[in-house]
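> If you scroll down you'll find the structure; I have some questions about it.
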């Protein structure tokens, strides 16, 4: 499986070179070798320390990461080194190497997760520690001055020196652990207590506290960090986990209502949120295509230009779309690999989510079940939010495409998530332990 | 918890299904609509990144390139060139970074290679790695006739004018020139600012060089419309043959109290001339009287049979030539003016050529067309124009009567065009025609437009080789200003095809 994933990446990488210049890219052996070694190392660690883990998880994630690398390489090359096209100005020439470096760090982080956490449920001990850490990570950019926290209008960064981290990506993981721990402890109260009104079981007022807190927190992210996407993912994850823990539809309804109310409120209060709706509904109206809707219009026209089979890697014009290397990388795949290519990508994502949910279903420990269920759902939600936004299905919110987009924080966080999935799937598929006693042996008493 | 997890799984599945449906919608279903969005940079870039098909004037049997794309040295970009510039501009049109006109617009999908007819070829070149290429459009235009046409218009003292020549038996357009014209090479720049400048200059020019007068502008036909009135009179039995007598008083008293007079107030014969006599002298009162007897709807019916009152596509769009149903059009006093090509009658120079073409082709009007065939990049013919009948204007008998009357116009020493299109003027070439000197403007305050429509009759049972229509705006007498232009076109064409 892994070999197959590596082969696909190798072909894609070669295709970029052929598409751009008609020959194989010069850095091909080195970069591909590094990637292959990283993946093989990860594979060996998984085989050794989580031998029962789902064998599809690593190859699927590796395939996505590899294709992301290929697309980033292709976008860096555009307009540089004598290649046709326009330069993607906000990409440095070393973006491929940097992304490869982050791939390495991400895989190391995944290995660390697998080595350090022998069973996912040990994390339950750190429920409140991680909860606090998550909140701090989320809040930090809002508290920092703009010069240390704002990139492209989103106040979601911590920037010191030349180094920048998007703490929200990690905060989401920490909070997933917190939610899982908290909900496992409180789920009976949340699930059972309550009054029945109009056929719906309403929760008790005091149990509403955490829900409202999560809602408020996501609104805070939205207001102070102007990050609609992160806020939606955060709240969506919380509601999904709450539902899994309690199985009560009332929580789901409440969550959806709160989400709609929050969106409506912020759309009224904040111009930029309202603008997203305008762009979504009328991308081609009036001066929108060259003004506020330039980016989504470029993405849509790019994807349409790709059509069924795409222009071929290196032969499209994805560089017209601003931020094509991060939020809009999916549109670049749409343009150059065509409908068939992006359908395949979506199926890979879908498979990854499905394997995660399967592990959640199979694992017995409720904490692990909740954690992995929530993480798998948030992975699906993230793909839905960004791909839906790029392809015009829903209003656009800036989140990264997991494993594909340029950006270290997102990549490392994604690999940690994969690490947790591998760990839990290992627990889930581990055969029941052999009984320690062997009665036949112990009872043998030989009188000589 | 597993029940809830299963539901969450279903929600995830639903999200992925929605995404899959949506990208199918964007990349397959809506793709061509998105490609057609104005300002689509990718489509814009792509259109100059491969070789657009050439446009060729093939009417003389040899190919003359009148539009072609050449690779700009050191780039991957092709630029459009129009080797014949102004002469063919009304035919080729232009292909700028923003818009297209002429054949460039009308046959864009073939020239650009996006036509479904080229799909198989495009697929093969995709597989073989060959570059995509547009198809070549071969026109019916005769380079000899076209250059004579433009030359004649340009040397006519700066009047705005247009001439169209047609092969009557097929409808193939042999020449289509408009003056003043423009150089489409000026519009092929990729520099948007420079292009805007040229565009503004051309649009602001009072001479309207961008206007294709041959197809897009209408003028009163004047006396040339007497062909239509005669057709109606013969066909409706008001006159039986060219020697039938008609009523031609001087002046003709109209029911509304006004008088219709002949040009210069001259008497038309003895006041009861044969129709052929009235035709060669171009008596207004004789045809005004016939028109009142025929009534407006009948005149309109015959004008429609000559291709009027409807838009045409050659495939350049042609504005309708009209005998319009304006307020009071059935009033006999106004119909008398309609019958001599005045009042609200308006025709294109192309329509002038169609009048003669129908007569020359024994009453059968062929649909005029510019494209002879379209040749794919693999030199296979992917489209060929088969001559089509536009309408039966008149019966062959009536056509022969009309031909004999038009012959008198140029061969009878009293005929209006004897001096300028008669055998002495043409060096022995037989031309049958009809002049028109059309009053126009508010209260006829403008200079008269000179109109001439004619054809060369077929010899020994052969079909007529060419019919020509000319309108010179403000040119004065049709015989003086318009007929010599037609003669030059005919001479050049017959010279190249003898």
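The values are calculated or read from the model by the stated rules, or taken from the named source; none is laboratory data. Note that the structure is a prediction, hence the values are computed from the model and not measured. Every residue, glycine as well, gets a Cβ built from its backbone with ideal geometry; the counts of neighbours run over all protein chains shown.
> Over 19 Å from residue B:142 (Cβ atoms), part of a loop (DSSP other than H, G, I, E, B) and in contact with a helix residue (DSSP H, G or I) (Cβ under 9 Å, 6 or more places away or on another chain): which single residue out of B:436, B:458, B:415 fits that description?
After ruling out the rest, the residue left standing is B:415.
> Go through the range A:273-326 and report how many residues are over 30 Å from residue A:219 (Cα atoms), surrounded by fewer than 21 Cβ atoms within 10 Å (Cβ to Cβ), touching a residue at least 24 places away in the same chain (Cβ under 8 Å) and more than 10 Å from every other protein chain (Cβ to nearest Cβ).
Number of matching residues: 1.
> Considering only the range A:342-369, state which residues are more than 18 Å from residue B:17 (Cα to Cα), facing chain B (nearest Cβ under 7 Å) and surrounded by 22 or more Cβ atoms within 10 Å (Cβ to Cβ).
Correct list: A:360, A:369.
> Continuing with this model, one more query. Could you run through the range B:1-58 and say how many residues are in a loop (DSSP other than H, G, I, E, B) and more than 7 Å from chain A (Cβ to nearest Cβ)?
Result for the range B:1-58: 10.
> For the range B:62-93, enumerate the residues that are assigned to a loop (DSSP other than H, G, I, E, B), touching a strand residue (DSSP E or B) at 6+ places or on another chain (Cβ under 7 Å) and surrounded by fewer than 17 Cβ atoms within 10 Å (Cβ to Cβ).
Selection gives B:63, B:72, B:83.
> Let me ask something else. Looking at the range A:330-337, can you tell me whether even one residue there is out of contact with any strand residue (DSSP E or B) (no Cβ under 9 Å at 6 or more places or on another chain), surrounded by fewer than 18 Cβ atoms within 10 Å (Cβ to Cβ) and either more than 10 Å from every other protein chain (Cβ to nearest Cβ) or at pLDDT below 85 (or both)?
no
> Within the range B:226-260, track down each residue that is touching a strand residue (DSSP E or B) at 6+ places or on another chain (Cβ under 7 Å) and either part of a loop (DSSP other than H, G, I, E, B) or in contact (Cβ under 8 Å) with a residue 24 or more places away in the chain (or both).
B:226, B:227, B:242, B:243, B:244, B:245, B:251, B:252, B:254, B:260
> Filter the range B:1-41 for residues that are surrounded by fewer than 14 Cβ atoms within 10 Å (Cβ to Cβ) and modelled with pLDDT of 90 or more and give the result.
Scanning the range B:1-41 gives B:6, B:10, B:14, B:17, B:21.
> Pick out the one residue from A:17, A:22 that is farther than 25 Å from residue A:405 by Cβ, modelled with pLDDT under 75 and out of contact with any helix residue (DSSP H, G or I) (no Cβ under 6 Å at 6 or more places or on another chain).
Answer to the selection: A:22.
> What number of residues in the range B:479-495 are farther than 14 Å from residue B:429 by Cα and in contact with a helix residue (DSSP H, G or I) (Cβ under 7 Å, 6 or more places away or on another chain)?
Going through the range B:479-495 one residue at a time, the tally reaches 3.
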